[in-house]
Amino acid sequence: MRGIGEGGKEIRGHRGTEASWLSGFLTYMDWLSSCLDVFLRSATHLESQELGIPRAYLALEEIARKGEVKRSEGMEAKDRERLERRWRHLRDRVIPGPVLPFLIEKGILSSEDFQDIHACPSDAKRMDRLLCILTKRGPNAFTALVDALKHDYEWEAQALEEAVPVEKQRDATPVEVTEDMEDLMKRNARLIRDWRKLARRLGLGSAVHGISVRVNLREESAEECLGYLLQEWRGTKGERATFPVLLAALRREHFNDVAGMTWKSKNAWNVLAGVLVGLGITFVCQKLLLFGPGTSSCRNGLLSPDARANAKEEKLVLIGVMTTEAFLRTRVVAAWNTWAQEVPSFASGEVVFFTSGRSDLSGLEGLPVVALPGVDDSYPPQKKSFVMLKYMHDRRLRDFEWFMRLDDDTYVRAEKLAAFLRSVNSSLPHFIGQTGQGNKEEFGRLGLDYDENFCMGGPGIIFSGKTLELVAPHVKDCLGNLLSTHEDVELGRCVLRFANVSCTWAYEVRSLPVPMGTILYHNSSGTEAFTGSLKQKEVHRAITLHPIKNHEYFYHVHKYIHALRIRELEKQLVLLVREMRSLNELDPHPDDAEPSSPFNKSSLGTLMKWRPEEEVEIPAWEFMTKKSLYSWKERNPKRRAEHRLVEGIQDVVREVMEEINASSRERGRLIDFKEILYGYQRVVPWHGLDLILDLLLTYKKYRGKKMTMAVRRHAYLQRPFLPLRLRVVGGKEERERVNVVVPVWGRAESVRRFLGAFVEACGDAPPCRLILVRYRSGEDGAIDDAVREARGRVRGPGEVEVVEGEGEFVRGKALELGASRCCSSRDDLLFFIDVDLTFTGETLENVRSNTLLGKRVYFPIVFSLYDPSLVPLSPPSDPKEDDGPYDRNRGYWRTYGFGVVGIHKGDLTAIGGYDLSIVGWGKEDVDLYEKAWRRKGLDVFRAPDPTLVHVWHPSHCPGDLEASQLRMCRGSAANSLASLPVLHSLLLKDDLLKP
């Protein structure tokens, strides 16, 4: 056949109908000849591991030499088809030794058969011979084989029972290298990555450097290397640059997925006639091949139906997650709803969760959960780990390049995992993970030599398909020879024994910009890991994050990773906008091509975005050091930098360092941030934040001549504001009724003043209601008179209700009592306030506007007046600048007070209400405030409210208060006495400063 194909080259050069259909026939024979070459190599097992993908047929030397085999008899047709479907898998994965005694016992095999099988030189050939014999041993042979496999190869037995034949489909081999084929080759990521191998196979090793330089100088994509290689090949080889040569080179370098590409002929209809003739001949031959009786050769067998199936697109990674029944509805669901959803799109892979065989899987029908038979949830999970690998090997080995073993408390960043795996040659044995040798207590007790290691299981272990193929068949042996109780140690021992590879040492990954322990990151904080701030360089660099013990934090981490991705997209958007605007000088119509951007035109480019017209318009800078901020805007020229400013600058520096180290792997160097020596910052309201930072860095060169040195660099940075984004929210048809709850214990004059303010605020206003929670005192008569007077003055829908409290006065208990008496629905709006405050109708409007059920609570900041007896001593204010009561010498904003609250009854119940165990002065308001801001999904709105004024009154702090309450009470009394200028005047007037 090969001679016919070569001779046909001259005929294919002619034009005409006869030549075209004959060309198609000869082309088909060329394709058939190449297939037989693959059959021959596969049969001799010289390249069966590389060529054993669904596109390659398994056959025998006998088929290639004689062209036919005799028809087998005895086994039923449907069983023969099933056996045909799984022939290759059985041949490669099953050792016939454990199967033979069962078949002899059942009377399927004889002693002569046993000797005949054992005469074959290898297990694969013995299995071939066994399967050949079984096809002639009657209808019970198939069932007996399945039963025999169930003892040691349960998955193969199940797969054999479920196997169904598939229709064969083949593509015609193209005659010449067309542009479509080149495009197809350029779309293959593996071929682009390893194009140098193809160049050497084509005899163009000397041209590799020139092609690389050309692509780099022209700043072209990597796929153009392949295009230039094909051009160079045609120019150098001339007529010898034919498709069969290219096809052979691709196959020799194991690019079988590219070698199987289709082609189109200019004379398609004429060539099709020749192809149909070839198909007819092939159909007759395959009838003989598939149904003819076998010979006595040890290598005899049936064609594998996997080779006749449509070639599936090769996927990158299969992630196997080990879990237990206890976490199926917590961690597994959280992992599936977060990072696992991104694996198919970002990493071209799949995620499967493996649990014990008796786990309850009800309600988990939509999740890819596999219950491993014969496996329990005991710890350590040694059997579960090995059986999971065996399952992936037996079921999915040919579908993926990489396999990953993972714990259920690990988060995976799919896009980073894919980028890492695509940079490593998957055709070689690899065992990748965070290297370990045991802690000090375990050293010498794990059965490891000084130069042996293992991959720590927590943050994940990665196997290449080659490694899994070498190890998985020996799982039973590994489980029978355990030397420790550590699952990851025993897995590493098994891999070293049968694949002859150990976990990646540090020197093996020295080309990476960060160590393997940072890529597969394990946090040693235990249950507190990843529950706090995630703004860490380890989190930003990591592929996996381990451990996340609380399943709710999977969503926390996932949201943060999304935020990082958004930030990266925004940065790319800025770069694209800048690039497009840089082309305006060359564009004849720049206005027509201006992109729609979320950034203002003036927000990109330079620190000098705007030139002031007057001196007062110049935005001044503030100077800062590591701990302090020197500002001209504040009274105190030096103050401690606020936490939000420090955190914001840390975020900026982290982004800068990530940008600097983005190409560190290619350059062989890494730059670490040490500290900010000094800097300048300013906030320009119409642009954003400007920063000038003097950074102390450490330069580390790890490729070539290694060196480490300290360097200083100036960074000029901008964080532009995004444009204003509006969301229109529909207003309420009716204004809510505000239920004002105030606790009272004596203080009749204050009660009378408060009731007067309520009547003025609510008499003609929308609905409101006052709940006065009164505790008995000597002033009850005066309070009752004030209440009757207020009820008589109420002109609108306002109501005044008195609730009697019992026992000792406790503010938190009183407010809870008032809320329970007035409101039963979760939609009711509450406004907790004190009797020594004045308010207006605008106050109630602010409460309505700034509270939202299930979303927002309102903690206004009140203005607190100083002791009125000391206010006249204050320096006179300029009448033109009189601010009324809001003068710094008359009062101050009570930023530490949280007693005034606007909240819905449903939110009060959700956060747990007031702590009734707190008695005495204060602290109950701080506790409620902390509960509110810690509540997930609830926003705390805190702002000054000029309509709320706290009237000064003498403070009494009993000595029996708890220490923290007594300190807070005395501090509040001191702050409310007078302003610093007034106190200074008092000291000077009384000559207290004189010796």
When you go through (1) surrounded by fewer than 17 Cβ atoms within 10 Å (Cβ to Cβ); (2) farther than 14 Å from residue 844 by Cβ; (3) without any contact (Cβ under 8 Å) to a residue 40 or more places away in the chain one by one for residue 821, which number turns out not to apply? (3)
Please specify each residue of the stretch 442-488 satisfying the condition of being in contact (Cβ under 8 Å) with a residue 60 or more places away in the chain and of a type in the set (A, V, I, L, M). 456, 462, 468, 471, 472, 475, 479, 482
Taking residue 137 as the residue in question, decide whether it is open to solvent by 30 Å² or more (accessible area, probe 1.4 Å), in a helix (DSSP H, G or I) and either in contact with a helix residue (DSSP H, G or I) (Cβ under 9 Å, 6 or more places away or on another chain) or at pLDDT below 70 (or both). no
Residues that are assigned by the TED database to the domain that holds residue 654, at pLDDT below 85 and under 17 Å from residue 645 (Cβ atoms): does the stretch 695-712 have at least one? no
With the structure loaded, tell me whether residue 670 is assigned to a strand (DSSP E or B), closer than 22 Å to residue 644 by Cβ and of a type outside the set (Lys, Arg) or whether it fails that test. no
Is it true that some residue in the stretch 333-353 is in contact with a strand residue (DSSP E or B) (Cβ under 9 Å, 6 or more places away or on another chain), under 25 Å from residue 150 (Cα atoms) and β-branched (Val, Ile, Thr)? yes
Determine which member of the set 448, 470 is of a type outside the set (Ser, Thr, Tyr), in a loop (DSSP other than H, G, I, E, B) and within 35 Å of the chain's Cα centre (by Cα). 448
Can you pull out every residue in the stretch 933-971 that is hydroxyl-bearing (Ser, Thr, Tyr) and more than 48 Å from the chain's Cα centre (by Cα)? 955
Filtering the stretch 532-561 down to residues that are within 20 Å of residue 650 (Cβ to Cβ) and in a helix (DSSP H, G or I) yields 537, 538, 539, 540, 541, 556, 557, 559, 560, 561
So which residues in the stretch 872-915 are over 25 Å from residue 851 (Cβ atoms) and either open to solvent by less than 30 Å² (accessible area, probe 1.4 Å) or at pLDDT 55 or above (or both)? 872, 874, 884, 885, 887, 888, 889, 890, 891, 892
Which numbered condition residue 484 misses (of (1) surrounded by fewer than 17 Cβ atoms within 10 Å (Cβ to Cβ); (2) not in a helix (DSSP H, G or I)): (1)
Every pair of residues 6+ apart whose Cβ atoms lie under 7 Å, when the first sits in the stretch 527-542 and is farther than 19 Å from residue 656 by Cβ while the second is of a type in the set (Lys, Arg) and part of a loop (DSSP other than H, G, I, E, B): 527/549; 542/413
Return yes or no: is residue 433 surrounded by fewer than 23 Cβ atoms within 10 Å (Cβ to Cβ) and outside the structural domain of residue 188 (by the TED database)? no
Please go through the stretch 456-492 and give me each residue that is of a type outside the set (Val, Ile, Thr), touching a helix residue (DSSP H, G or I) at 6+ places or on another chain (Cβ under 9 Å) and farther than 19 Å from residue 392 by Cα, ordered by number. 456, 458, 459, 481, 482, 483, 484, 486
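The values are calculated or read from the model by the stated rules, or taken from the named source; none is laboratory data. None of the values given here were measured: they were computed from a predicted structure. Using ideal geometry, Cβ is built from the backbone for each residue, glycine included, and neighbour counts are taken over all protein chains shown. Each accessible area value is taken on the protein alone, full model and side chains, heavy atoms only, with ligands, DNA and RNA left out. Shrake-Rupley method; radii C 1.70, N 1.55, O 1.52, S 1.80 Å.
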